[in-house]
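The values are calculated or read from the model by the stated rules, or taken from the named source; none is laboratory data. Just so it is clear, the model here is predicted, and its values are computed rather than measured. In this analysis, Cβ positions are derived from the backbone assuming ideal geometry, glycine residues included, and neighbour counts consider all displayed protein chains.
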There are 2 protein chains.
Amino acid sequence: MSAPNPRPDAGPDSKARLRLWLKLLKATRTVESGLRENLRTEFASTLPRFDVMSALARNAGGLKMSELSGLLKVSNGNVTGIIERLVEDGHVLREPVPGDRRANRVRLTRKGEEEFTRQAARHEAWVDDLLGALDADEARTITATLDRILTEGKS
Amino acid sequence: MSAPNPRPDAGPDSKARLRLWLKLLKATRTVESGLRENLRTEFASTLPRFDVMSALARNAGGLKMSELSGLLKVSNGNVTGIIERLVEDGHVLREPVPGDRRANRVRLTRKGEEEFTRQAARHEAWVDDLLGALDADEARTITATLDRILTEGKS
DNA sequence: GCCTAAACCTTTAAGCTTGAAATATACTGA
DNA sequence: TCAGTATATTTCAAGCTTAAAGGTTTAGGC
């Protein structure tokens, strides 16, 4: 009489999960907003650009466009535009992939590496400040729990 | 010798906080992406539109544009465009504010209310599913901890 | 070799987002 | 009154984002 269908409707814990989702969203947007503001005023840059440079910094050999969009979980067309602007800035370089004329490999220039090093140091300090209400143990605990959303994803 | 400056650099817990931030971002984007996809395919709508309708549903008397952008923590120009499209859809109504010809009050139409009711039920079920890896207690714990990021924000 | 499917990437259209400038209205204090 | 300031909103330019469509190139049967 109570739950006729397997999973078309919300379960008994749905309210707690809904509240978590709203809080998650608000917290993320608050931090994002702070970071965006800082990137804009201190480096005249943006969060998407920083994310791309961060991915490239972790992969010194460069990445294909498709690897980049896969890592960042954004659409492929999206990456095209961001890279375009990073190339204009001289932070990123496109080079052909030997043996596959469809693909491009993209990597940081020397200038891009230096710029990213500066930005990454400040970025870490900003995050440290924005999440300063939580101590290291709390941070690790939430990190682990959030990870289960990603790894135990249903359907 | 170790920490010459008060807070220009990252503190000792900064790595844990940085990892938390990256996880927070990834989890949020994953859930957002699922919700966006569902809203698109089931309702031909978007997350920003849902958010606006949700705010209006909670305020039956309507909201001024500035109240709306304040609640949603987005720029005022942003709300203008979203409302514009919701008005086209017949979901939202603009009306003058008596005594202040600068302001508009905005509220759901009957059609908008009915549509939101349908969407909200599905939305709750989607969230329930996307966050299904966590039980109610875990959800409440993280919610409370995340809240401290918002309420104990520094600087 | 040839042909189809797949992979890689860009382009496009539509919409979201911001910060800043522009408009219009309201208020406040000489 | 009237100037100056504050408030409410829109407009604008730039950039981000997606999904879908388009163009190339590669890979796999046959």
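Return the residue satisfying two criteria in turn: it lies in segment A:51-80 and is charged (D, E, K, R) and away from DNA strand C (no atom under 12 Å from the Cβ), and of such residues it is surrounded by the most Cβ atoms within 10 Å (Cβ to Cβ).
The selected residue is A:Asp51.
Looking only at segment A:81-102, count every residue that is touching a helix residue (DSSP H, G or I) at 6+ places or on another chain (Cβ under 9 Å) and more than 8 Å from DNA strand D (Cβ to nearest atom) and tell me the total.
Residues in segment A:81-102 being touching a helix residue (DSSP H, G or I) at 6+ places or on another chain (Cβ under 9 Å) and more than 8 Å from DNA strand D (Cβ to nearest atom): 8 in total.
Listed here are the residues, each with its yes/no results for (1) modelled with pLDDT of 95 or more; (2) over 18 Å from the mean Cα position of the chain (by Cα).
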| residue | (1), (2) |
| --- | --- |
| A:Leu108 | yes, no |
| A:Gly112 | yes, yes |
| A:Thr117 | yes, no |
| A:Ala120 | yes, no |
| A:His123 | yes, no |
| A:Val127 | yes, no |
| A:Asp135 | no, yes |
| A:Arg140 | yes, yes |
| A:Ala144 | yes, no |
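So, in segment B:100-155, how many residues would count as being closer than 19 Å to A:Ile149 by Cβ, free of Cβ contacts under 8 Å to residues at least 60 places away in the same chain and not in a helix (DSSP H, G or I)?
Result for segment B:100-155: 4.
Of (1) within 11 Å of chain B (Cβ to nearest Cβ); (2) not in a helix (DSSP H, G or I); (3) not β-branched (Val, Ile, Thr), A:Lys26 satisfies all except one. Which?
(2)
Tell me yes or no: at least one residue of segment A:78-101 is of a type outside the set (A, V, I, L, M, F, W, C) and facing chain B (nearest Cβ under 7 Å).
So far as segment A:78-101 goes, no, none of its residues is of a type outside the set (A, V, I, L, M, F, W, C) and facing chain B (nearest Cβ under 7 Å).
When the residues of segment A:29-50 are narrowed to those that are within 13 Å of another protein chain (Cβ to nearest Cβ) and of a type in the set (A, V, I, L, M, F, W, C), which ends up farthest from DNA strand C (Cβ to nearest atom)?
So the residue we want is A:Phe50.
Taking B:Ser54 as meeting all but one of (1) within 15 Å of DNA strand D (Cβ to nearest atom); (2) among the polar types (S, T, N, Q); (3) more than 9 Å from every other protein chain (Cβ to nearest Cβ), write down the number of the exception.
(1)
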